[in-house]
Structure formats: structure tokens, C-alpha cells
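J.: Next up is a structure, given as C-alpha cells.
Laboratory data are not the source of any read-out in this text; all were calculated from the coordinates shown. This one's a predicted model, so the numbers in the text were calculated from it and none came from an experiment. Neighbour counts are summed over all protein chains in view; Cβ atoms, including those assigned to glycine, are modelled from backbone coordinates with ideal geometry.
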Amino acid sequence: MFDTTHAHITTWVIALILFLVALGLHNAGNKKAMKIVHMILRLFYLLIILTGALLFWKHQSLDPAFYGIKTLVGLWVIAMFEMILVRLNKEKNTTVFWIQLVIAILAVVYLGLRLPLGWHPFA
Ligand code: HEM
């Protein structure tokens, strides 16, 4: 949990899948099931933050600024998941949040892979 990124990756991959399932349920008009999946997704937000924070506390001294930016961009992804689902429920426009989500996901994966633990495809 502190020295490998496996738990962290598991939590955000499951969150991404839950987000897509919630979108599919919304498109299918199944509000009740979407609400349940959205609640489970919120639990996974906490698990992403917990696993990310554990890695952060243990390793941020290697490069505090880089780790700080990684954390902020990770939180930005979670905020966009939440904004999109809440606004879809209220039948509000989500275009701006979709654009931000794509940028934030690309940025967080790039930053995560550039940091010292785990995979290094860009090193
Ligand atoms: C949905 C949101 C997030 C995504 C998609 C994401 C993605 C990633 C990826 C791809 C890695 C690299 C894994 C590897 O190389 O094995 C990583 C590592 C990491 N993430 Fe996240 N992350 C997210 C949220 C967060 C949050 C909220 C935090 C802080 C609270 C955080 C802190 C970290 C830390 C500290 C590392 C380890 C970096 C290292 O030392 O190599 N992440 N994340």
C-alpha cells in the first residue's frame, strides 16, 4: 500500500468503470440504478484519495512539487467525475466538464507514470 502503486491503480480503474456504468445507466434512463452506482463510486473516490495520500506521505520528499501537482490533478479528475454525473442528473450541460475530464485524465496518468514508483514508459 505504501511502496507499490497496485492498490492505488486498482481503486482508480474500478472508479473509471463505475463512472462509465453510471453514464450507461443514465443513458438507459435507469435513475435508481444510476444513483446506487454513483454512491458506490463516491466510496471509491475516498479509496483513491486514501491510497494516493498514503503513497504521497511516504514518497513526496523525493520531489514535493511534482507530487503536489500529481495530487491536485488527481483531485481534479475526481471533481470532474462528480460534476458530470450531478449535472447529468439535473439535465444541465456537461461539455465544459467533459473537456476538463479528458485533459485531467491525460495529465494525471502522465504525471503518475513520470513519478518514481511503478511503471516508467516516459522515463
Ligand atoms: C482518478 C484519479 C487518479 C488517477 C487516474 C491516478 C493515476 C495514477 C497513475 C497512473 C499513477 C502511476 C502508477 C504507476 O506508475 O504504477 C499514480 C500514482 C500515484 N498517485 Fe494517482 N491517480 C489519481 C488520483 C490521485 C490522488 C487523489 C492522489 C493523492 C491523494 C494521488 C497520488 C498518487 C501518488 C502519490 C502516486 C505515486 C507516484 C510515484 O511515486 O510514482 N493520485 N496515480
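J.: Counting only residues that are away from the ligand (no atom under 13 Å from the Cβ) and of a type in the set (D, E, K, R), which one in the range 91-123 is farthest from VAL73 (Cα to Cα)?
T.: GLU91
J.: Let me ask you something else. Among the residues of the range 61-75, is there at least one that is farther than 25 Å from VAL96 by Cβ, within 8 Å of the ligand (Cβ to nearest atom) and of a type outside the set (Phe, Trp, Tyr)?
T.: Checking the range 61-75: at least one residue is farther than 25 Å from VAL96 by Cβ, within 8 Å of the ligand (Cβ to nearest atom) and of a type outside the set (Phe, Trp, Tyr).
J.: Starting from the range 13-40, take each residue that is touching a residue at least 12 places away in the same chain (Cβ under 8 Å) and list its partners that are small (Gly, Ala, Ser), counting only C-beta distances under 8 angstrom and pairs at least six apart or across chains.
T.: Cβ pairs passing all conditions: LEU25/ALA33; MET34/ALA22; VAL37/ALA22; HIS38/ALA22.
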